[in-house]
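In what follows, a single structure is set out as structure tokens and then discussed.
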Amino acid sequence: MRIRGLAHSLSVCTGILKMAAMLVPRSARAEWLEEWRAELWHVWHICNQSDELAAWHRKEEITTFSLGAFQDALWLRRNQIASAPHRWFQPGMPSRCILGLTFIAAASLLIAYCTPSVRKAARPNFYRDASDLVLISRGGFENTSYPTVQFSEYESWTRNSGHLFTALAFYRVRAQRFVLGNHHSIKLPTARASANLFELLGVPVSFAISGADSRDSTRLFLSRSAWSRDFHSDAHIFGHVVRVDGQQAIIAGLIQDEDWRLPGRAEAWLLQNEERLSTLPSGGEGYVLAHASPTVFPVKADGRRQMYVRKESGYDWFVCESVAERIREPFSVFSFALLLACLALPATTSLPLGEYPENSNRVPWNIRIRRWAFLAVKFILIVPIVYFGSLDLAYSSSSLSAGTSELLGLFGSFWALLFAFRWALRDQRKRCPVCLRTLTNPARVGQFSRNFLAWNGTELICLGGHGLLHVPDIPTSWFSSQRWLYLDPSWRALFPVGT
């Protein structure tokens, strides 16, 4: 009997708790043991208030209670150890938010890189002397993507342009059928152009045939996509002769798809000298590219060059638009949309993140800096996500004109940036300023009828035990925005998630 009584003694039960505490992770061991010892003392005090017979059975319950500490210690150890490697990627954690944004940015970049038309649009303008390289269009039609200059006008300018231009080139895009040696034929959108077109642009040529650089011969250049699709990337085709509309042409080289940024979709370029090019109909319209003399034909105050050509019944008006201005890089359009979104953000949403106590000096400075750094990283990651996403939206279809793609990219970028920035601010307001977890467990507090006597709204809590967020349903003069309430560190023992 004495041995059984000793087994149910307070000292033995305390020893059981100490042995169970060895299973608890070291960081939570002292606090866990103090909590169980307090509960043990309370249970012991209740059991010893009963009569002797009942007290004997109650002491058995004390031992059973003490042995239950092993189950609690094992549960705590299992959950903390299991969740430790994945803690930073649990729902609501800031690292999970950053990882998600990074993944979206990488996915949008990959899609843009794998789409040839998007990769072509994103490539910087590399044409030689792009500021003085101009596209000549009939006045009033300079922003259109279809040709407006007749071939006879181009021939006249090559003879009578004076010193306005140092070089001119003409091209006209039509579907042409090519007949190969084995009677195999293909049809490609082809630019029939002056022999100096690529020289004027400064476009590099791959697989160039050294014997085909004479301007007396008709040279055919293929785009990389047409070479891969229709010729199966066969390098032996260069130097072979094909027939185009009854004329012979030598396949003289390869042009990268990204290197053609001018109006008119072309997958092949048939370069001819002036004698063979003159077989084009005089009234046929095409595109005229010229290199303007910067001293004789300077840019006017409005950023354009204009040309008036005398004719029998008056004058024809032509606009010489810079290639650098016409082929605006998507990043410059996106930068303008970014500026507009930054200006519109204060007018569409509240910038303050809420009211926080002034006496929050107990929060270390590095934690406060981390909060603002987290917001800055979200804004920084939003920029490439929207940029590459707008490229995918505006330039994924090659059938859209350059102007339509620019407008689509501008409006798409503006609205996406505006809503993404607003989301970043709303997300920041719903996070704990200490651990940056998303606040959970919303609860209704107050009554609508007492809105002017006590606050009425929603209360959210940080699972780390750092504080409470009070969000009013109806902002008032004395409770206009959400307020954060820091909790004393002693409250954290009640929360399952540690800091």
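Of the numbered conditions (1) of a type in the set (D, E, K, R); (2) touching a strand residue (DSSP E or B) at 6+ places or on another chain (Cβ under 9 Å); (3) at negative phi; (4) at pLDDT below 85, residue 245 satisfies every one except a single condition; which is it?
Residue 245 satisfies all of (1) of a type in the set (D, E, K, R); (2) touching a strand residue (DSSP E or B) at 6+ places or on another chain (Cβ under 9 Å); (3) at negative phi; (4) at pLDDT below 85 except (3).
Among the numbered criteria (1) in contact with a Pro (Cβ under 9 Å, 6 or more places away or on another chain); (2) surrounded by fewer than 16 Cβ atoms within 10 Å (Cβ to Cβ), which single criterion is violated by residue 204?
Against the list (1) in contact with a Pro (Cβ under 9 Å, 6 or more places away or on another chain); (2) surrounded by fewer than 16 Cβ atoms within 10 Å (Cβ to Cβ), residue 204 comes up short only on (1).
Scan the range 133-141 and tell me whether some residue there is exposed (fewer than 13 other Cβ atoms within 10 Å of the Cβ) and either modelled with pLDDT under 70 or part of a loop (DSSP other than H, G, I, E, B) (or both).
First pass over the range 133-141, keeping only residues exposed (fewer than 13 other Cβ atoms within 10 Å of the Cβ): 140.
This time we only want the ones that are either modelled with pLDDT under 70 or part of a loop (DSSP other than H, G, I, E, B) (or both), so: 140.
The answer is yes; a qualifying residue exists.
If the Cβ limit is 6 Å and pairs must be 6+ apart or interchain, which residue in the range 202-218 that is assigned to a loop (DSSP other than H, G, I, E, B) pairs with which residue that is of a type in the set (D, E, K, R) and at pLDDT 60 or above?
So the pair list comes out as 202/128; 203/259.
Looking at residue 194 and the list (1) over 20 Å from residue 262 (Cβ atoms); (2) at pLDDT 85 or above, which single condition is not satisfied?
Answer for residue 194: the failing condition is (1).
Search the range 317-340 for residues that are at pLDDT 80 or above and pair each with any residue that is aromatic (Phe, Trp, Tyr) and open to solvent by 50 Å² or more (accessible area, probe 1.4 Å) when their beta-carbon atoms are under 7 Å apart and the residues are at least 6 apart or on different chains.
What qualifies is 317/308.
Quick check on this structure: which one of 110, 74, 101, 168 is open to solvent by 80 Å² or more (accessible area, probe 1.4 Å) and modelled with pLDDT of 85 or more?
Details: 74 fails: modelled with pLDDT of 85 or more; 101 fails: open to solvent by 80 Å² or more (accessible area, probe 1.4 Å); 168 fails: open to solvent by 80 Å² or more (accessible area, probe 1.4 Å).
Within the list 110, 74, 101, 168, the selection yields 110.
Hey, any hits in the range 251-270 for a residue that's more than 27 Å from residue 327 (Cα to Cα) and modelled with pLDDT under 85?
Within the range 251-270, none of the residues are more than 27 Å from residue 327 (Cα to Cα) and modelled with pLDDT under 85.
Looking only at the range 173-205, how many residues end up being out of contact with any strand residue (DSSP E or B) (no Cβ under 7 Å at 6 or more places or on another chain) and closer than 16 Å to residue 276 by Cβ?
0
Might you check whether a residue that is open to solvent by 80 Å² or more (accessible area, probe 1.4 Å), under 17 Å from residue 127 (Cβ atoms) and among the basic types (Lys, Arg) occurs anywhere in the range 296-307?
No; the residues of the range 296-307 include none that is open to solvent by 80 Å² or more (accessible area, probe 1.4 Å), under 17 Å from residue 127 (Cβ atoms) and among the basic types (Lys, Arg).
Looking at the range 240-295, which of its residues are open to solvent by 60 Å² or more (accessible area, probe 1.4 Å), more than 24 Å from residue 180 (Cα to Cα) and charged (D, E, K, R)?
Once the filter is applied, which keeps residues that are open to solvent by 60 Å² or more (accessible area, probe 1.4 Å), more than 24 Å from residue 180 (Cα to Cα) and charged (D, E, K, R), the range 240-295 yields 274, 275, 285.
Would it be correct to say that residue 405 is in contact with a helix residue (DSSP H, G or I) (Cβ under 7 Å, 6 or more places away or on another chain), modelled with pLDDT under 95, among the hydroxyl-bearing types (Ser, Thr, Tyr) and open to solvent by 40 Å² or more (accessible area, probe 1.4 Å)?
The answer is no for residue 405.
The values are calculated or read from the model by the stated rules, or taken from the named source; none is laboratory data. None of the values given here were measured: they were computed from a predicted structure. For neighbour counting, all protein chains shown are included, and Cβ atoms are generated from backbone atoms with ideal geometry for every residue, glycine included. These accessible areas exclude ligands, DNA and RNA; they are computed on the full protein's heavy atoms, side chains included. Shrake-Rupley method; radii C 1.70, N 1.55, O 1.52, S 1.80 Å.
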